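The block underneath contains the structure these notes are about, expressed in structure tokens.
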Amino acid sequence: MTEQMIFDLPLRSSQGREDFFVAPANALALATLDTPALWPQRRMLLIGPEGAGKSHLAAIWAEEHRAPLARAADLTDDLAETLARAGAAVIEDADRAAGQPQAEEALFHLHNLMQAEGGELLITAATPPRDWRLTLPDLASRMQATAQVTIAPPDDALLAAVLVKLFADRQLTVAPALIPWLVTRMDRSLAQARRLVAALDARALAQGRAITRPLAAEVLDSLA
């Protein structure tokens, strides 16, 4: 069979509150983000593995609090001062700043500015600060003292909801029965759900086939 050419086009993923599926795995994180007035020192660290929904939650919080969002690895002192002036800010992937002196210094500077001005600071990371290998002792101490909330591993309901959303984001129509079939056979990871849907989309397009169980079985085998 002749395969079609595939273009890697950017996808528009819906990131509003109405698109966030609340499940036992993430309900505590959502509730915590909804009450920043209760955060100790008005700071919160949101922890969860790749694809767990951290960026979606951060985007919801940023929009509702009119907070600018930046990645930790991109931080500079000047950017930290700009973020602090907003009164609320989101820093994503703080663990990736580890080992980058400028980023570590800027994140510590931002902590101090927010504390001095009473601003709210939401930080995301894949792992707890003790695992980051920060080189700036003051930042390591500050991060380990920051209150934390963790997104738990997904249950079946959350995996199913994420699959439905991922297919919808790509404007793909699949049989409803395919969703629970996939859930019982895929790795229990939201990151894996993203890879699975992307692979299904690519193979279906390349081979001119519908996304069915036989195609899904082939893709699952290739991802194993």
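The values are calculated or read from the model by the stated rules, or taken from the named source; none is laboratory data. Predicted model only: the values in this text are computed from it and were never measured. Every residue, glycine as well, gets a Cβ built from its backbone with ideal geometry; the counts of neighbours run over all protein chains shown. What goes into the accessible areas is simple: the full protein's heavy atoms, side chains included, and nothing from ligands, DNA or RNA. Shrake-Rupley method; radii C 1.70, N 1.55, O 1.52, S 1.80 Å.
Just one of the listed residues (Leu57, Leu45) is of a type in the set (A, V, I, L, M), within 12 Å of Glu120 (Cα to Cα) and either open to solvent by less than 50 Å² (accessible area, probe 1.4 Å) or over 20 Å from the mean Cα position of the chain (by Cα) (or both), and it is Leu45. Just one residue in the set Ala160, Ala152 is surrounded by 15 or more Cβ atoms within 10 Å (Cβ to Cβ), among the small types (Gly, Ala, Ser) and not in a helix (DSSP H, G or I); that residue is Ala152.
Conditions (1) of a type in the set (S, T, N, Q); (2) open to solvent by 60 Å² or more (accessible area, probe 1.4 Å); (3) touching a residue at least 24 places away in the same chain (Cβ under 8 Å); (4) touching a strand residue (DSSP E or B) at 6+ places or on another chain (Cβ under 6 Å), marked per residue:
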| position | (1), (2), (3), (4) |
| --- | --- |
| Glu105 | no, yes, yes, no |
| Phe108 | no, no, yes, no |
| Gln115 | yes, yes, yes, no |
| Trp132 | no, no, yes, no |
| Thr135 | yes, yes, yes, no |
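What number of residues within segment 80-103 are touching a Pro at 6+ places or on another chain (Cβ under 6 Å) and either in a loop (DSSP other than H, G, I, E, B) or not small (Gly, Ala, Ser) (or both)? The qualifying residues number 2. Restricting the first member to segment 189-215 and to residues that are under 30 Å from Lys54 (Cβ atoms) and touching a residue at least 60 places away in the same chain (Cβ under 8 Å), and the second to residues that are part of a helix (DSSP H, G or I) and open to solvent by 10 Å² or more (accessible area, probe 1.4 Å), the beta-carbon pairs closer than 6 Å and six or more apart or on different chains are Leu190/Val162; Ala193/Val162.
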